[in-house]
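The values are calculated or read from the model by the stated rules, or taken from the named source; none is laboratory data. Remember, predicted model here, so these are calculated numbers, not experimental data. Using ideal geometry, Cβ is built from the backbone for each residue, glycine included, and neighbour counts are taken over all protein chains shown. These accessible areas exclude ligands, DNA and RNA; they are computed on the full protein's heavy atoms, side chains included. Shrake-Rupley method; radii C 1.70, N 1.55, O 1.52, S 1.80 Å.
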Amino acid sequence: MGNKVSIIRCDDYSESYECVAKSLSFIGTFSSIISEGDRVLLKPNILAARKPEDAVTTHPSIVAAMCELVKDAGGIPLIGDGAGMTHPGATAEAFRISGIEEVAKIHDAELINFQTAGYVEVEVPDAFHFPKMHISKAVLEADVIISLPKIKTHELTYYTGAVKNMFGALPLRTRKEIHLLADRKLFGEAVIDLYSVAKPHLAVMDGVVGMEGNGPSHGTPVRTGVIMASYDAVSLDVVASGIMGIDPLKVPTTVAALERGFGEKKPHVEGVDPDSVTVKYKPSSGGIMFNAPPFVTRFFGRYFEMRPMIDTSRCILCGACAMNCSVHAIEEVGDHLEIDRDKCILCYCCRELCPEDAVDIDMSLLAKIITTGRR
């Protein structure tokens, strides 16, 4: 199996199950990575609350196909992610609007919100930048991880796919810290810090309709008509970015991964010839980050804050927030509860689970200005 990558033509999402199954047949025995009763985490891209036709999130038909295939192999499918937006409730909303919540119901698959399921701090051996990271508890506890990315352009990494898809396993505080590196190369290296300790066993890419231009969320849908699969996410990214007309060795996450010994520069491809399905995507314009020097981005980025804050007038001291805080950042101080800003990883679990709606959001001045401008 190894670094083999399959490419299968798939012109319409109505053919998802057949195409996904065929893509897996070209790279080896799928059942070999799943034992009877294994909890198999399907990690789609649930970046934001957008409809499937917007091409921001992994299409629900791909997730549905994988649920069926996992069950056929004797596994128990779970579906999980953490949205990239900062407002509380973002992940639940994204699951619903993307159609993936409905898939979970139909296939009796547990739907896991990484933000409320909790995070565990792990050590990252030979890290580029982050020797320790908080990673989704659901990712760490799964027996098998399957990355289900959407093929898209990206303003930081030019391309986002199977490797970058694992970014959703991080709490928002860590994601912000990585973005504040304000440099494509450093950003790619930080993503590989995560990948090295949260490496999927398989990646199946939704390349039926991708996104070009200002991805990963503000670009334009573009029909590519393929499903791709590999047991090596880096090798899949090499092939997929090439199909988009992007030099794989210019993609920061791929470069960093190859430097760490992951993947292959020239993977073996099964199925159709990559040249026959190449669609040159319009690149991202670069994003706000790269319209200013990195030190400017780092300086101002630190002043963008949206933090949970307990409203003592509504809090009844039930302790739900403190009991479910994975980093123990909530403590009783005198006759009320407080959130330790240094410990808080911005998962917003406290706000999600408070029965009295007593957790508000404290915004910095910069955050108020930017969010007001976007309404």
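Name, by its number, the condition in (1) among the small types (G, A, S); (2) open to solvent by less than 10 Å² (accessible area, probe 1.4 Å); (3) at pLDDT 95 or above that does not hold for S196.
(2)
Kindly provide the set of residues from the stretch 1-60 that are farther than 19 Å from G271 by Cβ and hydroxyl-bearing (S, T, Y), ordered by number.
S14, S31, S32, S35, T57, T58
Which one of V139, V144, V209 is in contact with a Leu (Cβ under 8 Å, 6 or more places away or on another chain), among the hydrophobic types (A, V, I, L, M, F, W, C) and farther than 20 Å from H129 by Cβ?
Checking each option against the conditions leaves just V144.
Kindly establish whether C19 is at pLDDT 95 or above, under 25 Å from P274 (Cβ atoms) and not hydroxyl-bearing (S, T, Y).
yes
Here's the yes/no breakdown for (1) within 28 Å of R50 (Cα to Cα); (2) in contact with a helix residue (DSSP H, G or I) (Cβ under 7 Å, 6 or more places away or on another chain); (3) in contact (Cβ under 8 Å) with a residue 60 or more places away in the chain:
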{"residue": "V209", "(1), (2), (3)": "yes, no, yes"}
{"residue": "S217", "(1), (2), (3)": "yes, no, yes"}
{"residue": "Y231", "(1), (2), (3)": "no, no, yes"}
{"residue": "D247", "(1), (2), (3)": "no, no, no"}
{"residue": "K250", "(1), (2), (3)": "no, no, yes"}
{"residue": "A257", "(1), (2), (3)": "no, yes, yes"}
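Those residues that are closer than 13 Å to I62 by Cβ, open to solvent by less than 10 Å² (accessible area, probe 1.4 Å) and in a loop (DSSP other than H, G, I, E, B), I need them from the stretch 8-39; list them, please.
C10
Under 6 Å by Cβ, and 6 or more places apart or on different chains, what pairs join a residue from the stretch 1-16 that is more than 15 Å from V226 (Cβ to Cβ) with one that is open to solvent by 60 Å² or more (accessible area, probe 1.4 Å)?
Note: pairs meeting the criteria are N3/E264; K4/H268.
Among the residues of the stretch 40-52, how many are open to solvent by 20 Å² or more (accessible area, probe 1.4 Å) and over 15 Å from G207 (Cβ atoms)?
4
Considering only residues that are farther than 25 Å from D12 by Cα, aliphatic (A, V, I, L, M) and open to solvent by 30 Å² or more (accessible area, probe 1.4 Å), which ones fall in the stretch 61-105?
Once the filter is applied, which keeps residues that are farther than 25 Å from D12 by Cα, aliphatic (A, V, I, L, M) and open to solvent by 30 Å² or more (accessible area, probe 1.4 Å), the stretch 61-105 yields I76, M85, A92.
Are there any pairs, at least 6 apart or on different chains, whose C-beta atoms fall under 6 Å, with the first in the stretch 54-77 and more than 18 Å from P149 (Cα to Cα) and among the aromatic types (F, W, Y) and the second open to solvent by less than 10 Å² (accessible area, probe 1.4 Å) and modelled with pLDDT of 95 or more, and if so, which?
none
Out of (1) assigned to a helix (DSSP H, G or I); (2) touching a Cys at 6+ places or on another chain (Cβ under 9 Å); (3) in contact (Cβ under 8 Å) with a residue 60 or more places away in the chain; (4) not hydroxyl-bearing (S, T, Y), what's the single condition that is false for L42?
So the condition that L42 fails would be (1).
Name the pairs: first residue in the stretch 151-178 and at positive phi and open to solvent by 20 Å² or more (accessible area, probe 1.4 Å), second residue modelled with pLDDT of 90 or more and assigned to a helix (DSSP H, G or I), Cβ to Cβ under 9 Å, at least 6 apart or on different chains?
Going by the 9 Å Cβ cut-off, the qualifying pairs are Y158/S241; Y158/K250; Y158/P252.
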